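Note sheet for the following structure.
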Amino acid sequence: MYRKLNDFLTEWSESADGTKSVLKALEDEKLNQSITEGHNSLGWLGWHLVNSPVFFMNLVGVELESPYDPDKVPAKASEILEAYEYISNLVVEKTKEQLTDDALVDEVDNFGGPAPKGSILRILVNHQIHHRGQMTVLLRQAGLKVPGVMGPTKEDQQ
């Protein structure tokens with residue numbers, strides 16, 4: 001749980017940089033790569049990372065509006081990256097405008113139970129890291145280079 005806004009903003013920015021590196025590895029013709037038929041694809045996961053911050057930020061009372069339709073995954077990897085860059089910057093901008101350190105301990109409804117805003121922001125970062133990890137597996141399955149987000153990858157060590 002975050003108790004200082006700057007702690008969240010620092011970690012969000014670091015995590016967003018890692019997510020951008022994964023999104024930069026995407027290629028248009030590989031956006032449909034999934035673990036198996038009927039599961040989330042690289043394109044869907046990338047688009048989900050564009051749109052999910054809106055949900056979490058609204059939970060904590062930060063009004064974040066997205067111009068992107070969560071149900072219309074782009075066919076171009078560059079559009080996913082561009083949209084993510086916009087949203088991740090908007091998270092920082094709107095957080096600075098609308099939240100304070102004191103507000104992080106305020107409880108809000110989180111799926112039927114109370115949770116401090118700082119805890120929900122922690123879930124947002126964890127959520128992003130979770131899906132980014134799924135994407136790295138799919139990148140490798142798709143034959144694309146896996147970026148070293150949390151340290152060097154096998155390809156980086158050769």
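Throughout, read-outs are computed from the coordinates displayed, never taken from laboratory work. Note that the structure is predicted; figures quoted are calculated from it, not measured. Note: ideal-geometry Cβ built from the backbone for every residue, glycine included; neighbour counts use all protein chains shown.
Given H placed 1.01 Å from N in the peptide plane, which residues other than close sequence neighbours of residue 108 have an amide H under 5 Å from its amide H?
It is 115, 117, by chain and number.
For the chain, the longest stretch holding no GluC sites (Glu not before Pro) located in a DSSP loop with at most 11 other Cβ atoms within 10 Å is which?
66-158
May I ask you to list, by number, the DSSP H helices of the chain whose Cα span along the axis is at least 15 Å and whose average Kyte-Doolittle hydropathy reaches 0.0 or more? Let's see the in-between values first.
Numbers: long enough: 5-24 (28 Å, -0.51); 42-59 (26 Å, 0.88); 77-98 (31 Å, -0.39); 117-141 (37 Å, -0.17).
Going by DSSP H runs, the hits are 42-59.
Going Cα to Cα from residue 96, which lysines come in below 23 Å? Please leave out same-chain ones fewer than 8 positions away.
Answer for residue 96, where 23 Å is the Cα cut-off: 4, 20, 117, listed by chain and number.
Would you list 120, 80 from fewest to most Cβ contacts within 10 Å?
Values: 120 20, 80 26.
The fewest-first ordering by Cβ neighbours comes to 120, 80.
Among residues other than residue 140 whose Cβ falls under 15 Å from its Cβ, what is the net charge (Lys/Arg +1, Asp/Glu -1)?
Details: positive: 30, 132, 145, 154; negative: 27, 155, 156.
That works out to +1.
With an 8 Å Cα cut-off and a minimum separation of 6 or more residues, compute the relative contact order for the chain in percent.
So the answer I get is 36 percent.
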